[in-house]
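Quick note: the coordinates plus some simple rules give every number you see, no bench work behind them. Computed from a predicted structure; not experimentally measured. Positions of Cβ are backbone-derived with ideal geometry, glycine not excepted, and every protein chain shown enters the neighbour counts.
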Amino acid sequence: CKHANRCQTANCSQDCRETVNKYECSCRSGYTLSRNGHSCVDIDECVTPHNPCTDPRQACVNTQGSFKCECMSGYSQSQDNTCVDINECLEDRELCEHECVNTDGSYKCMCWSSYTLAGDNTTCHHVDECTSGQHACAQICKETLGSYTCDCHPGFQLAADKHTCDDIDECLSGPHPSIISKIFTRCQGFCHNTPGSFYCSCPHGFTLAADKSSC
């Protein structure tokens, strides 16, 4: 009798090996035999406990019967098949509104002084230091384009640090504005300096006139 080749009717999806009175289905590398003993199922090498990609900047991509390692976002493959960082700031000058800082595998946007990064992490919003309280002025804060300046109330002058205010001694600097008439004058009698202002007084036997400066 002629021996029948059982593998011809075995319905193995890939390989078949004939043994005594039976046959065995087997699978090629990258596949495993399913429970039905006939069909082969792809092995997902990317979900195995050990990542087959040795470069930490590579991602494992499963393919039928195998896998491939691709560079992650922010990296490009070099001629020696390693992944190198992409300097996004050089490739696209319009990524950030103000300044672009390259990082490993990515980038970040930064804003100039007096600006803050918006929620889109790309554009910059001007910060009003005067209304937000983010200033160092002792008395008056004046908003300028991209910054601010300090000023002082009448009777004070801006100090050398450009932030604090020093009292003006009107009695020494005179003439000074009369409290009543608002015109520059001098105390006819005595001048007394006060923080931010002054007042006049008269010698014994005299009284201060209505203009608060004459005796």
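The modelled label-to-label distance between SER73 and GLU18, using points 7 Å beyond Cα along the C-beta direction, is 5.5 nm. For the chain, the relative contact order is 7 percent, taking Cα pairs closer than 8 Å that sit 6 or more residues apart in sequence and dividing their mean separation by the residue count.
The smallest convex shape that holds all Cα atoms of the stretch 118-175, its convex hull, gives 86 Å³ per residue. Once the C-beta distance of ALA118 and LYS142 is scaled by a Förster radius of 35 Å, the resulting FRET efficiency is 0.90 to the nearest 0.05. In this label model, ASN81 and VAL101 are separated by 3.7 nm, measuring between points 7 Å along each Cα→Cβ vector. With R₀ set to 41 Å, the beta-carbon distance separating HIS153 from HIS204 gives a calculated FRET efficiency near 0.75. Between ARG6 and VAL41, residue separation times 0.36 nm minus the direct Cα-Cα distance comes to 10.4 nm. Computed from the Kirkwood radius of its Cα pairs, the Stokes-Einstein diffusion coefficient for the stretch 47-106 at 37 °C and 0.692 mPa s stands at 248 µm²/s.
Couplings 3J(HN,Hα) for the stretch 76-84, derived from phi with the Karplus relation 6.51 cos²θ - 1.76 cosθ + 1.60 (θ = phi - 60°), are 10, 7, 8, 5, 8, 6, 9, 9, 10 Hz, where x marks Gly and Pro.
Averaging over all projection directions, the Cα-based convex hull of the stretch 40-179 occupies 15.4 nm² in the image plane. If the segment from HIS126 to ALA160 were pulled out straight at 0.36 nm per residue, it would be longer than the present Cα-Cα gap by 9.5 nm.
Once the Cβ-Cβ distance of THR54 and SER34 is raised to the sixth power relative to R0 = 30 Å, the FRET efficiency obtained is 0.50. From zero up to wherever the largest Cα-Cα distance of the stretch 87-127 sits, split into 10 Å bins and tell me the percent of pairs in each. Reading upward from the zero bin: 35, 51, 14, 0.
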